[in-house]
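Here the structure comes first, spelled out in structure tokens, and everything after it is commentary.
The values are calculated or read from the model by the stated rules, or taken from the named source; none is laboratory data. Bear in mind the structure is a predicted one, so any value in this text is a computation, not a measurement. Quick reminder, even Gly has a Cβ in these numbers, built from the backbone with ideal geometry, and neighbours come from all protein chains shown.
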Amino acid sequence: MKILGLFLLFSIAGFGQNHYPRDYFRSPLDIPLQLSGNFGELRPNHFHSGFDFKTQKKEGFNVYASAEGYVSRIKISEIGYGKAIYITHPNGFTTVYGHLQSGFGAVEEYIKKEQYKAQSYEIDVALFPNDLQVKKDQVIAISGNTGGSDGPHLHFEIRDTASEKIINPMYFGFSDVIPDTKRPVINSLWVYPIDENSIVNQSRRPISVNLSLQEDGSYLAEKVLATGKIGFGLTAIDFDDVSWNTNGPFKVQTYLNGKPDFGYQFDTFAFDESRYVNALIDYERYKKLGQRVQRLFMKNPFPLSIIKSSDNNGIITIANNITQAYRIEVADFSENTTKVYLPIQYSDTPAKVSEVPITTKYFVKSKKENIFSLDNVTVTFPPNTFYDDFYMNFNVDNGILKLHEDSVPAHTNFSITFEDSISSQKDREIMFIGLVHGKKISYYNTKRYKNSFTIYTKYFGDYRLFTDGTPPKIKADKSVGGKWISNLNELKFSISDNLSGIKSYDGYLNGKWILLEYEPKTKKLTHRFTDGIVAEGKNDLKVVVTDNVGNSTIFETHFFRSQKP
């Protein structure tokens, strides 16, 4: 098979295509499959770890077990995958189904049992092989829009059970039901001077390269005139035959003078590698212009397993009397390939566009610990927090920490500590550090020790101490106080908090805890009477909502309901 050659070129140790059964897993949906997101697609702070299947812009489709196995994990969260089910299969793989509206049948019964056992909507439960077995074709859930979802769809993954690495589902036969005869499209090409001695097309700054489409579908780039060390980057998209939207390419490979130089292919990767997407792309350009340029070089190498590179890490040295032939190939899983040919020639023409050096008195050395203090604020960067060294903007103005700007990616957490010797003990108990985005304030879990407040974050921006003395708000969507509501199937509440945000919510009927499902996108709490807690006749209802610093609001009322048909 032709795809085998591609795979072996980028094979990850321990894997080969013959390890991936193409006829074992069925589609998790019984509607035609269309992708709204493919494997490895570039996302904010991560590579997409599976397929996003469209569900016709609505919820409510049956979700099927792709093969026999047992439910090994159930995770219900307000964020991330929302309601998610994991099935471990006897062939050594695990499938994941996310953003679900609910489980189905015995799976939903198990979910409710665990939620009531934990007295929490959010749960993360590991199951044993005999706890909840499923058959292939069994309906296990209903598709939805829960968690960090921008619209109704099903997130689907296949993982190696032992290593927990995510694997491209195309290897398991999904390429047969998602046909693709279209070549990837290259939207832009960029060339980067690597250091202060490098010049490209009379520029010391990254500069775009014009492309000319050829009759055979390839591109010929304008001649690159350079001196010193340079690297390239591109933006590219891919289409399949049925999804009608753009996705990310499967493979990018460069060749220098006919030999493989730098490339990556989305076969499989580990979750702890996913944040290296910020090192792969031109992060500063992405944050400022929203354009994800995929860099085809590593100025400072980083351990992303999908990358295969020669010793120069994709960086090309241009010297006098040497002409370099450079080629880029961008391909999808079906081997539809777009090629770009770039002639590179030495030129000692001086730069007309100079790089303006940005210097401050705060220089961050990425490989070492860096501690900066000013007024009442201390920022600590552990070693290897960042990918590169840089000059940082650092100031404290009227109690606000102005910490650089969100144009430099952090790979791991760093700490920010505020000292407050002015506020009263009472006020300190309801204080937190927040990140300010205009009028929006993002709460950070704040650890307090005496007069010190500390958070851990991966983001630059404006931080300050806030005092939150206002409790959350609760409002019933329909007034039920003193009324007969036998015709209602559920209770709904709108909840909100003006500063630190919602931390917890609990409901009680006649003194018994009830499940309240929370949807942050709509700020709604829902209790369904099918849980079986509601009593015949009069019911006393209490809802307690608490914010992140401990302010609570209690909503109490009573209603009447008959369970008789």
Q: Within region 382-402, work out how many residues are free of Cβ contacts under 8 Å to residues at least 40 places away in the same chain and charged (D, E, K, R).
A: 2
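For every residue, the table says whether it meets (1) in the same structural domain as Y443 (by TED's automatic domain parsing); (2) among the polar types (S, T, N, Q); (3) without any contact (Cβ under 8 Å) to a residue 40 or more places away in the chain.
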{"residue": "V480", "(1), (2), (3)": "no, no, no"}
{"residue": "I495", "(1), (2), (3)": "no, no, no"}
{"residue": "N498", "(1), (2), (3)": "no, yes, yes"}
{"residue": "I502", "(1), (2), (3)": "no, no, no"}
{"residue": "Y505", "(1), (2), (3)": "no, no, no"}
{"residue": "K524", "(1), (2), (3)": "no, no, no"}
{"residue": "T530", "(1), (2), (3)": "no, yes, no"}
{"residue": "G537", "(1), (2), (3)": "no, no, yes"}
{"residue": "V543", "(1), (2), (3)": "no, no, no"}
Q.
Given the options G511, G461, G434, name the one that is surrounded by 14 or more Cβ atoms within 10 Å (Cβ to Cβ), at positive phi and in contact with a strand residue (DSSP E or B) (Cβ under 9 Å, 6 or more places away or on another chain).
A. G461
(Q) Given the criteria at pLDDT 95 or above, under 18 Å from the mean Cα position of the chain (by Cα) and either closer than 22 Å to E519 by Cβ or loosely packed, with under 14 Cβ neighbours inside 10 Å (or both), does F128 qualify? (A) no
Q: Residues being in contact (Cβ under 8 Å) with a residue 60 or more places away in the chain, assigned to a loop (DSSP other than H, G, I, E, B) and not small (G, A, S): count how many of those fall in region 302-319.
A: 3
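For every residue, the table says whether it meets (1) surrounded by 13 or more Cβ atoms within 10 Å (Cβ to Cβ); (2) of a type in the set (S, T, N, Q); (3) within 17 Å of Y121 (Cβ to Cβ).
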site: P520; (1), (2), (3): yes, no, yes
site: V543; (1), (2), (3): yes, no, yes
site: T546; (1), (2), (3): yes, yes, yes
site: N551; (1), (2), (3): yes, yes, no
Q: Give the residue that is nearest to K251 (Cα to Cα), with candidates limited to residues of region 302-324 that are over 22 Å from the mean Cα position of the chain (by Cα) and buried (at least 19 other Cβ atoms within 10 Å of the Cβ).
A: G314
Q) Any idea which residue in region 245-277 is farthest from the chain's Cα centre (by Cα), counting only those that are aromatic (F, W, Y) and in a strand (DSSP E or B)? A) Y255
Q. Inside region 22-53, can you point out the residues that are charged (D, E, K, R) and surrounded by 22 or more Cβ atoms within 10 Å (Cβ to Cβ)?
A. E41, D52
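Yes/no per residue for (1) closer than 30 Å to P409 by Cα; (2) part of a loop (DSSP other than H, G, I, E, B):
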position	(1), (2)
S49	yes, yes
D52	yes, no
K58	no, yes
Y70	no, no
K75	yes, no
Y81	yes, yes
I85	no, no
P90	no, yes
T95	no, no
Q: Please indicate, with yes or no, whether at least one residue in region 266-278 is without any contact (Cβ under 8 Å) to a residue 24 or more places away in the chain and not small (G, A, S).
A: yes
Q: Look at S407 and say whether it is within 26 Å of the chain's Cα centre (by Cα), within 28 Å of Y276 (Cβ to Cβ) and assigned to a strand (DSSP E or B).
A: no
Q: Could you tell me whether region 70-84 includes any residue that is of a type outside the set (S, T, N, Q) and more than 25 Å from the chain's Cα centre (by Cα)?
A: yes
Q) Within region 472-482, is there a residue that is assigned to a strand (DSSP E or B), over 17 Å from N376 (Cα atoms) and of a type outside the set (A, V, I, L, M, F, W, C)? A) yes
Q) Would a scan of region 344-367 turn up a residue that is touching a residue at least 60 places away in the same chain (Cβ under 8 Å), crowded, with 17+ Cβ neighbours inside 10 Å and not in a loop (DSSP other than H, G, I, E, B)? A) yes
Q. Where in region 119-168 are there strands (runs of 3 or more DSSP E), lying fully within it, with 2 or more residues that are over 30 Å from V544 (Cα atoms)?
A. 139-143, 153-160
**Q.** Yes/no for A141 being within 28 Å of P21 (Cβ to Cβ) and not assigned by TED's automatic domain parsing to the domain that holds A270
**A.** yes
Q: Check region 281-297 and report whether any residue there is over 27 Å from G461 (Cα atoms), in the same structural domain as Q214 (by TED's automatic domain parsing) and assigned to a strand (DSSP E or B).
A: no
Q: For residues that are out of contact with any helix residue (DSSP H, G or I) (no Cβ under 9 Å at 6 or more places or on another chain) and not aromatic (F, W, Y), scanning just region 333-343, find the one that is surrounded by the fewest Cβ atoms within 10 Å (Cβ to Cβ).
A: P343
Q. Among (1) surrounded by 15 or more Cβ atoms within 10 Å (Cβ to Cβ); (2) touching a Ser or Thr at 6+ places or on another chain (Cβ under 6 Å); (3) modelled with pLDDT of 95 or more; (4) not β-branched (V, I, T), where does L189 come up short?
A. (2)
**Q.** Within region 290-301, considering residues that are surrounded by fewer than 17 Cβ atoms within 10 Å (Cβ to Cβ) and within 19 Å of the chain's Cα centre (by Cα), the one farthest from P206 (Cα to Cα)
**A.** G290
(Q) Here is a list: I316, I322, I307. Which entry is outside the structural domain of G461 (by TED's automatic domain parsing) and modelled with pLDDT under 95? (A) I322
Q) Could we say that G258 is crowded, with 22+ Cβ neighbours inside 10 Å and either in contact with a Lys or Arg (Cβ under 7 Å, 6 or more places away or on another chain) or not aliphatic (A, V, I, L, M) (or both) here? A) no
Q: Scan Y387, Y391, Y341 and give me the residue that is aromatic (F, W, Y), modelled with pLDDT of 95 or more and in the same structural domain as F262 (by TED's automatic domain parsing).
A: Y341
